[in-house]
């Protein structure tokens, strides 16, 4: 715990310090998992996977080293460099790295004892505390401010155990990939405040983007009594500002840093805007920044999942919700990549992971956030039309990997780029589901219909018409991506059917004439069966191992197969075809969902656990893509598990008339599930006691 606050600088500083110095739970107190806080009391730097604090635009990834963060990721910032000659996510300026000197000694990892970190998911903050010998206890907390998309805040508190002198620095560091770095330092004097701005700009690797960041100290002392700030240039990629202070034994001193990062992809004048946003945050002041941030997260958490009977599952489900909320944002046209804002994984590209796996949970809990994901696809519809044209098809053919422009961004060595066509149906179904949940006919007319009609036109041109019941879809990469260049893949065919049917339904709702060919094509796309009645994954499938569930998606989310006996038959067959390792985490979540709907609580519990617990990494239980994998945070997997809880255990179902609740079964050992803030009406649904 923190030592007592023996000395304080009066008034608002005392309130600041008391809020900041809330103790982390002791290990003995953490035996029952806290539903809202994940504590790392014993950190092994060699086996450490950072956790992300993000606001849907800016992500900060933690590090096991005092006053360091691993990287800062900014949504929407891409350039063509590195892997695959395609657009890649870029690390932004690291605007929260710091150092602290005590008695002239710069603290390093070896100096820190009792080093521990805690993620507070309610407030979306990460707090680190440690001791330095018998001289001081240090704490710092950082936030990606939810109400300010490009702005971060770090709180620092130092409690002196002896009389000592400190020097604290804020270090602005440019990532290696950036070039033509320019560093600036400005002091703006006003009658009641002095603004010190540490600012940098740089070009992205090809020069496509201008990336900028700026930060400023926030002091608690009255104007005129703040420490004197000194600026130092280290080299072209790094500069800093620092101050010194003498502390008495027992005194606690606090300061903060607010900073902003933005690029020319977000604003036409990013250099000046970064400084303006930092000035805005500086003059808002620490308390107002935290009040607005806290309120924004309180509003997000009105949509929650409350589990009784499994405390660890409750914490883990909160973590999954926290990450999905952190990686997405209302009012944008951004859609999260499989790793969200946790790093540069998958180049930051957008796949079906967004539309089919993360989107449904966001849609039922926060339709306003889900709208951004569909807006992303709508704003890139023209490029999807051009992609269809280039491949000899009509309508819109969405790219398998998408970045800022909406062109195909899959590296050429991956066959999923030219052949994994089910993505177009996934996009169309996401648009249809948005209407189903919101019942917003104006949106359907303006945004949903263009997507649905264009993707339906694609499928009508994509099928090969070989007679009744044989409108074949040949030469695709299946949802099971180990099946390349196969014919009549179950998921692709069924998704195409569902896309065509949704477009026809949308036309009726809007009073538009539906293309009669859509219904004809949908009726004649085959869903293959094997001799024993199991749904066949594709025309040449003969029981081999699969990368992930494909056929089972026809029961959910597609609802192509509704007969419980057929659903059970397909589950029993394909659950034995998924290897224990090397496959992504979504499949077992669908198994858990379907077994819940079939009334098998034991199987639902088994596959719920198997969907993510083997993928957890220390010390924050972050999810890797595969069992034994090392690439967190896999938001796709989190989205799948959340669907198991919401649409499986919770019984929620998206229908053309809105969200309804169907019969379901809780996993063995669970007592109840309560889901709050569902849909536009923010309804509550419960299962169990």
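FYI, it's all coordinate maths here, none of it is from the lab. Just so we're clear, the structure is a prediction, and the values are computed from it rather than from any experiment. Methodologically, a virtual Cβ is constructed for each residue, glycine included, from the backbone with ideal geometry; neighbour enumeration extends over all protein chains shown.
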- Which angle between 0 and 90 degrees, to the nearest 10, do you get for helix 586-598 versus the longest principal axis of the chain when only C-alpha atoms count? 60 degrees
- Item | Degrees between helix 311-326 axis and first principal axis of the chain (Cα, 0 to 90, nearest 10) | 90 degrees
- Query: Can you pull the Kirkwood radius for region 294-338, inverse mean 1/r over Cα pairs, to one decimal in Å?
  - Reply: 11.9 Å
- Residues listed by number, region 80-100, amide nitrogen under 16 Å from residue 413 label point at 7 Å toward C-beta: 81-87
- Packing-based ranking, highest mean first, of 316-323, 466-473 given that Cβ atoms within 10 Å are counted: 316-323, 466-473
- Task: With 5 Å bins from zero, work out the P(r) of region 560-689 over every alpha carbon pair and list the percent per bin.
- Result: 2, 11, 19, 21, 19, 16, 9, 3, 0
- For every helix of n ≥ 4 consecutive DSSP H residues, a contribution of -39,500 (n - 2.57) applies; sum these over the chain, divide by its total residues, and give [θ] at 222 nm rounded to the nearest 500 deg cm²/dmol. -9000 deg cm²/dmol
- Message: Under 37 °C and 0.692 mPa s, how fast does region 478-573 diffuse according to Stokes-Einstein, given a Kirkwood radius computed over C-alpha pairs? Answer in µm²/s, whole number.
- Response: 231 µm²/s
- Centroid-to-centroid separation of region 263-288 and region 105-133 [C-alpha atoms, Å]: 28 Å
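Any chance you could tell me what percent of the C-alpha pair distances in region 269-310 go past 16 Å?
59 percent
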- Message: When the expected Rg is taken as 2.2 N^0.38 Å, what fraction or multiple of it is the alpha-carbon Rg of region 306-437?
- Response: 1.12
- Note on the structure: Percent relative contact order for region 139-273, counting Cα pairs under 8 Å at least six residues apart, stands at 33 percent
- Compute from the Cα atoms of region 154-285 the Rg and the Dmax, the latter being the longest Cα-Cα distance, and quote both in angstrom. 16.2, 53
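Over region 125-213, what number does the Rg to Rh ratio reach, with both radii from the alpha-carbon atoms and Rh per Kirkwood?
Here Rg/Rh amounts to 1.06.
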- With eigenvalues of the C-alpha gyration tensor scaled by 5 and rooted, region 369-463, Å: 23, 14, 11
- Note on the structure: Computed Rg/Rh for region 433-475 (Cα atoms; Rh = Kirkwood radius) stands at 1.19
- What value does region 599-658 have for Rg/Rh, both radii from Cα atoms and Rh as Kirkwood defines it? 1.07
- Item | Spatial extent of region 536-626: Rg and Dmax, with the Cα atoms as the point set, Å | 13.6, 45
- Message: Suppose each label sits 7 Å from its Cα in the direction of the beta carbon; what would the residue 36-residue 475 distance come out to in nanometres?
- Response: 5.7 nm
- Query: Taking region 25-165 as the region of interest, what is the percent of Cα-Cα pairs per 5 angstrom bin, listed from the shortest bin to the one with the maximum distance?
  - Reply: 2, 9, 17, 19, 18, 15, 11, 6, 3, 1, 0, 0
- Item | Added length on full extension, which subtracts the Cα-Cα distance from 0.36 nm per residue, residue 613 to residue 657 | 12.3 nm
- Query: Hey, what's the Cα Rg ratio for region 401-445 versus the globular rule of thumb, 2.2 N^0.38 Å?
  - Reply: 1.51
- Task: Please pull out the direction-averaged projected area of region 298-383, using the convex hull of its alpha-carbon atoms, in nm² to one decimal place.
- Result: 6.3 nm²
- Note on the structure: Expected sort for 76-89, 394-407 on mean C-beta neighbours within 10 Å, highest first, is 394-407, 76-89
- Measuring from label point to label point, each 7 Å out along Cα→Cβ, what is the residue 465 to residue 440 span in nm? 3.7 nm
- If you take the C-alpha gyration tensor of region 98-162, multiply each eigenvalue by 5 and take the square root, what semi-axes do you get, largest first, in whole Å? 26, 13, 9
- Item | Label-to-label distance, nm, for residues given as residue 682 and residue 299 (7 Å Cα→Cβ offset) | 1.0 nm
- Query: What angle do you read, to the nearest 10 degrees and between 0 and 90, between the alpha-carbon axis of helix 367-378 and the longest principal axis of the chain?
  - Reply: 70 degrees
- Packing-wise, with mean Cβ within 10 Å as the measure, how do 607-614, 640-647 rank, highest first? 640-647, 607-614
- Query: Rg and Dmax of region 200-239, Cα atoms, in Å?
  - Reply: 15.3, 45
- Query: Can you give the direction-averaged projected area of the convex hull of the alpha-carbon atoms in region 233-316, in nm²?
  - Reply: 11.4 nm²
- Which values of log₁₀ I(q)/I(0), to two decimal places, follow from the Debye formula for region 58-138 at q = 0.16, 0.23 Å⁻¹ with a uniform point scatterer at every Cα? -0.74, -1.09
